[in-house]
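Take a look at the structure below.
The values are calculated or read from the model by the stated rules, or taken from the named source; none is laboratory data. Since this is a predicted model, take the numbers as computed values, not measurements. Cβ atoms come from the backbone with ideal geometry, glycine included; neighbour counts cover every protein chain shown.
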Amino acid sequence: MVRRIRALGLTLPLLAFLLAAFIIPVLLFLWQGVHDDTYARYMPHSTPVLEAWDGVSEPTEAMYEALQKDLVQARKDKTIGKVATRVNRESPGGRSLFTSTARKAARLEAPYKQAMIDLKPAWGRLETWQALRVAAARYTPAYLATSVDLKYRGDGSIRRQEEKRRIHLTLFWRTIEISALVTIFCLLLGYPVAYLLSNLPARRSNLLLILVLLPFWTSILVRTTAWIAILQGNGVLNDLFVAFGVIGDDNRFSMVYNRTGTLVAMTHILLPFMILPLYAVMRTIPKAYVQAAHSLGANGWVAFWRVYFPQTLAGVGAGVVLVFILATGYYITPALVGGQDGQMISNLIDFHMRRSLNWPLAAAMGFVLLVLVMFLYWLYDRVSGIDRMRLG
Amino acid sequence: MKSSAFLYAAGFCLAATTASAGDLTIVSWGGAYTKSQTEAYYKPWMASTGHRILSEDYSGGLAEVKAQVQAGNVTWDIVDVEDAEAILGCDEGLLEEFDPAILPPAPDGTSAEEDFLKDAIGDCAIGTVVWSTAYAYNQTRLSPPPATIRDFFDLEKFPGRRGMRKTPKVNLEIALVADGVPPDQVYEVMATEEGIDRAFVKLDSIREHVLWWEVGAQPPQLLVDGEVIMSTAYNGRIFNAFAAEGQPLAMVWDAQVLAVDNWAVVKGAPNIELALDFIRFASMPENMAVQASWISYAPVRKSASELVGSYHADPDLKMGPHLPTWPDNMKTAIWHDEEFWADHIDELNERFNAWLIE
């Protein structure tokens, strides 16, 4: 018991570090995906009125009055911009509707309904108010819905996003597809390498191991841009093909700025993550087993498939899970060499983080990705058993 | 592009440890553009005030600014922003508000408000240059050369890959003009759903042949490498490739989209007073004219435009015809409507991104 407490004490600094630097920030960030009180905080009068409204009946004079009061105040407090940005996400054009109405709100007179509709006809439309109702809710499924191509509407219903705006499911699916392909390529390429490493004399295998590790010490950007130089239309590989007459000068292969580029570069970058666990497991397999199989009459293939391969499964599992999960989160490489059909969901998350500043939507998409990966992990566990996995 | 994000992260750590009181951190777009600002503004201002300027590069957007302001740990003083970011940043409370009274008047006494181009003085941002997105081509690869925006969309006349910036901005505008919409009616058409549909249909016609770029340094490189036969580009980058590096690139000004680039002060910046002093200095017409001798972006002040002379390295190369605001270049120009884009950018980005992966 004392020993266990002592052991726990030793891991405490790491646990505290993980909690403070990783788990809590991640949770706080994910929280943004369902909680957004921008509107409620700065528009205190209209928020309760909007919450009480059923979302389908004609907006009443009292609603317009509360909104007018808020607009005047928000303009005075200079918070109108934040509110307008929030509303714009639910209703395109809502930003200028808010800022321009707020500019004149102090001069409006009762009845406010008529005054505001005269000012901007958009105030007479039910959709405008439904968008406000969505914006006013502190806890909202709107971002989560968006990240799976659904639209949460002001009347409380959830429908499919209209067709020309559907993007997220396609990207999630593509992310899985690319990750799976990269994992398969890594396995096919990495397995023989790991086998070779584990069967060579120590001196030569150590040298080869350093070659496997070498890319780890090179920046991921350098490795990716190197692939551009190799694969592009006037790149090394195409030049070679042309020089050897494999292809004509005017129909060079396009191997970069598309999915091929993403697959090649990602496979190269993630390959060590497959080789290392495989190598660790293969090294522990006694050679005698395969020799025994041979002496009992198995040919090369049977000895490999029935005797050797099953013993490496633990390493295969570890490598596959490692590479697949790392691949789902890749965004630098696809962004550089992916063109348009090699983009993954993390590129869109990155877009919303850095470009559109729609952090709640980024958080919601991150949450969906996390759930997806955990589900696949669970599925893997059910099928093959995680406790059989070995990292060496 | 991500590389600049990484450089930024590295530079950011560096700046956080080396910046001391009285050092002004100015963040701009890098490359030839930052070079022109360094020569025209940073060096003379440092010489006259004795303060240091730490220059950093970024690739646009407000994410870094938002992160700094939200964390209450602002290390950037001034950031060079596009119109849309100036508006969004002001709305979100990420940028300091300006009093235009700090701006110096023109040499002949005209007030700054009258001397600056329309809309170049914003609530939180002061215009510095007029830049333009138009398309360029490699002279050694295309003959006869393309001349109109229709040529850019004409796959029969000019087969081959085109480069376009990966954003709906500018692309929707030029697609409509190529489809026959007069340049001055572009935004009226874009305000309707049918107009947007029409633009996407036009873009559809060349989609298979487009290579999407993200940072300004890419188009000249892609053109020189022959990866694309023509590409939309920032005019200053093409000019730099042509004037400084001797590359055979040329611009087609038809349906160019003009926009203003701005100085903005980050909310809660460590050196607000110094920052304002710098912006005042950088807004003097004579200094603006110096910048235009380094890069082909036009000053936003009318009085500065009159002072523009030759390229700094070649007295025979007059800058005038290379500026987006040159009368011949302006015939079919479109002024970027930042209000329209601030309202519709989310919606159109969504649709554009969905269209890209269709």
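Tabulated data
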| quantity | calculated |
| --- | --- |
| Wholly within the stretch A:1-86, helices (runs of 4 or more DSSP H) carrying at least 2 residues that are among the β-branched types (V, I, T) | A:2-18, A:24-32, A:46-52 |
| Complete set of residues in the stretch A:324-358 that are β-branched (V, I, T) and surrounded by fewer than 20 Cβ atoms within 10 Å (Cβ to Cβ) | A:I325 |
| Filter result for A:L207 (modelled with pLDDT of 90 or more and surrounded by fewer than 17 Cβ atoms within 10 Å (Cβ to Cβ)) | yes |
| Matching residues in the stretch A:64-96 - criterion: being within 11 Å of chain B (Cβ to nearest Cβ) and charged (D, E, K, R) | A:D77, A:K78, A:K82, A:R86, A:R89, A:E90, A:R95 |
| Residue match in the stretch A:289-305 (condition: within 30 Å of A:R223 (Cα to Cα) and modelled with pLDDT of 90 or more) | no |
| When residues of the stretch A:78-88 are limited to those that are of a type in the set (D, E, K, R) and touching a helix residue (DSSP H, G or I) at 6+ places or on another chain (Cβ under 6 Å), the one surrounded by the fewest Cβ atoms within 10 Å (Cβ to Cβ) | A:K82 |
| Number of positions in the stretch B:91-139 that are more than 20 Å from the chain's Cα centre (by Cα), closer than 30 Å to B:L223 by Cβ and either within 14 Å of chain A (Cβ to nearest Cβ) or in a strand (DSSP E or B) (or both) | 1 |
| Residue under evaluation B:E227, criteria (1) closer than 28 Å to A:F351 by Cα; (2) crowded, with 19+ Cβ neighbours inside 10 Å; (3) of a type in the set (D, E, K, R); (4) modelled with pLDDT of 90 or more, criterion not met | (4) |
| Of all residues in the stretch A:97-120 being surrounded by fewer than 18 Cβ atoms within 10 Å (Cβ to Cβ) and within 14 Å of chain B (Cβ to nearest Cβ), the one that is farthest from B:E92 (Cα to Cα) | A:K120 |
| Filtered residue count, the stretch B:193-229, keeping only those that are without any contact (Cβ under 8 Å) to a residue 12 or more places away in the chain and more than 12 Å from chain A (Cβ to nearest Cβ) | 1 |
| Test: B:G160 is farther than 20 Å from B:K331 by Cβ, part of a helix (DSSP H, G or I) and in contact with a helix residue (DSSP H, G or I) (Cβ under 9 Å, 6 or more places away or on another chain) | no |
| Search result, residues across the stretch A:116-153 that are outside any helix (DSSP H, G or I) and under 28 Å from the mean Cα position of the chain (by Cα) | A:A137, A:R138, A:Y139, A:T140, A:P141, A:V148, A:D149, A:L150, A:K151, A:Y152, A:R153 |
| A:L313 vs. criteria out of contact with any Ser or Thr (no Cβ under 7 Å at 6 or more places or on another chain), in contact (Cβ under 8 Å) with a residue 60 or more places away in the chain and more than 11 Å from every other protein chain (Cβ to nearest Cβ) | yes |
| Subset of the stretch A:223-262 [surrounded by 19 or more Cβ atoms within 10 Å (Cβ to Cβ) and in contact (Cβ under 8 Å) with a residue 60 or more places away in the chain] | A:T224, A:W227, A:L231, A:V256, A:Y257, A:R259, A:G261, A:T262 |
| The stretch B:334-358 - residue that is aromatic (F, W, Y) and more than 8 Å from every other protein chain (Cβ to nearest Cβ) and, of those, nearest to B:W212 (Cα to Cα) | B:F352 |
| Odd one out for A:R75, checked against (1) over 27 Å from A:A363 (Cβ atoms); (2) buried (at least 17 other Cβ atoms within 10 Å of the Cβ); (3) touching a Pro at 6+ places or on another chain (Cβ under 8 Å) | (3) |
| Selection within the stretch A:124-163 - surrounded by fewer than 19 Cβ atoms within 10 Å (Cβ to Cβ), under 24 Å from B:D197 (Cα atoms) and in the same structural domain as A:H45 (by TED's automatic domain parsing) | A:R125, A:E127 |
| The stretch B:200-255, subset among the hydroxyl-bearing types (S, T, Y) and touching a Gly at 6+ places or on another chain (Cβ under 8 Å), residue nearest to B:K35 (Cα to Cα) | B:Y234 |
| Failed item, numbered, when B:G180 is tested on (1) of a type outside the set (S, T, N, Q); (2) more than 22 Å from A:T225 (Cα to Cα); (3) assigned to a helix (DSSP H, G or I) | (3) |
| Filter pass, A:K104 being of a type in the set (D, E, K, R), farther than 26 Å from A:L348 by Cα, at pLDDT 90 or above and more than 27 Å from the chain's Cα centre (by Cα) | no |
| Residues of the stretch A:170-185 satisfying the condition of being more than 11 Å from chain B (Cβ to nearest Cβ) and in contact (Cβ under 8 Å) with a residue 40 or more places away in the chain | A:F172, A:T175, A:I176, A:I178, A:S179, A:A180, A:L181, A:V182, A:T183, A:F185 |
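For every residue, the table says whether it meets (1) modelled with pLDDT under 90; (2) assigned by TED's automatic domain parsing to the domain that holds B:A244.
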position	(1), (2)
B:L274	no, no
B:E286	no, no
B:W294	no, no
B:E306	yes, no
B:A313	yes, no
B:H336	no, yes
B:E339	yes, yes
B:N353	yes, yes
